[in-house]
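The values are calculated or read from the model by the stated rules, or taken from the named source; none is laboratory data. Small disclaimer: the values here were computed from a predicted structure and weren't measured. Cβ sites come from the backbone with ideal geometry, for glycine too, and all protein chains shown count toward neighbours. Note: accessible area is taken over every heavy atom of the protein model, side chains too, but ligands, DNA and RNA are not part of it. Shrake-Rupley method; radii C 1.70, N 1.55, O 1.52, S 1.80 Å.
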Amino acid sequence: MAEPDENPFGDPTPSVGHPFQKPVRGAANPPLNSMPAVMSPTQEYPITPQVAPTYGRNPGDVSADLLARKAELDRRQAELDKREEELRTASINVRQNNWPPLPKGFCYQPCFYLDISVEIPPDFQHVVRQLYYLWLYHTGLLACNILIGTLLLFLTGAIATFIFSIVYAGILVPLSFLFWFRPGYKAFRDDSSFNFMLYFFVFCIQFVIAIVQALGTYESGYCGLFMAVKLYENSHPFLGTLVTLMGIAFALGATMDFLLLTKIHRIYRSSGASFAKAQEEFRSGVISSGAVSNVIASNIRF
């Protein structure tokens, strides 16, 4: 009788050559569930850009697109070139002439650039404005002198006063701007001793003319104090009063001329300027001019 199996529910004892024999697990043959899980590396493929399919398109269409893009690039390049040219032109002539202030459609254009707040140092802007207002004051006096001369022409027949008043205004207004206001303006702008000297010389003449205007003899062209006395003597009290006020206004202008002349002279002396420096500036300015350089070169050549 066969012996009963001691382990009916367990694994049958393996025997050599048994068909169901399990392999012995060990270091050389580890269990299946004890092996680490290894994932195969993910293979990356290069991303290719999506290109619109060109099948079905004619070569002429592709050429048309290229020409359109080239035309757009040319247009943008032309705009950039135009802007660069505008900037270059603006940098050459940033400050356009603005004086005298004339309308845009006028037949004449401004001849000078005048901006005290931009060109004059802050320490001297106040005195340059005083100089400019003084020039405007003298210009207004000459205009009023013409008006009173016109009244004298119609009420007393003083034709000489009327004609001379127009002549004096036409001469003195531009000359005073060019020969004493403009040099004074450039003297403070450029710290120029030569322009200071020119201003002092011409402005002294302006001071003498203002005194002559205030006196104003009869038929001299200036409605001054002596003319007022003559009108009172000829029983023209209204005209005499107007001419008296005009003479006082001329005298006030002469007083302001003297005060501003002494003020600018103090500034000139405190700035370290001198007559020798003015001579050096004049000499260097004359030599640097084209005409004088040509004359010197021709003399050296021959």
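Heavy atoms only, probe 1.4 angstrom, no DNA, RNA or ligands counted: give me Thr150, Thr217 ranked by accessible area, highest first.
Thr217, Thr150
So how exposed is Asp123, as accessible area in Å² (1.4 Å probe, rounded to 10)?
Ignoring ligands and nucleic acids, Asp123 comes out at about 140 Å².
From the phi of every residue in the range 176-190, what ³J(HN,Hα) in whole Hz does the Karplus formula 6.51 cos²θ - 1.76 cosθ + 1.60 yield, where θ is phi - 60° and glycine or proline is x?
5, 5, 6, 10, 9, 6, 5, x, x, 4, 6, 5, 6, 5, 9
Given labels modelled 7 Å from the Cα in the Cβ direction, how far is it in nm from Ser270 to Tyr108?
Taking the two extended label points, one gets 3.8 nm.
When the accessible area of the range 135-201 is split by element with a 1.4 Å probe, what percent falls to carbon and sulfur?
Within the range 135-201, the accessible surface is 81 percent carbon and sulfur.
With r as the distance between the Cβ atoms of Cys204 and Leu245 and R0 = 22 Å, compute the FRET efficiency 1/(1 + (r/R0)^6) and round to 0.05.
Efficiency, from the Cβ-Cβ distance: 0.25.
Averaged per residue, what accessible area in Å² does the range 117-272 show with a 1.4 Å probe, protein chains only?
Using a 1.4 Å probe on heavy atoms only, each residue of the range 117-272 averages 49 Å².
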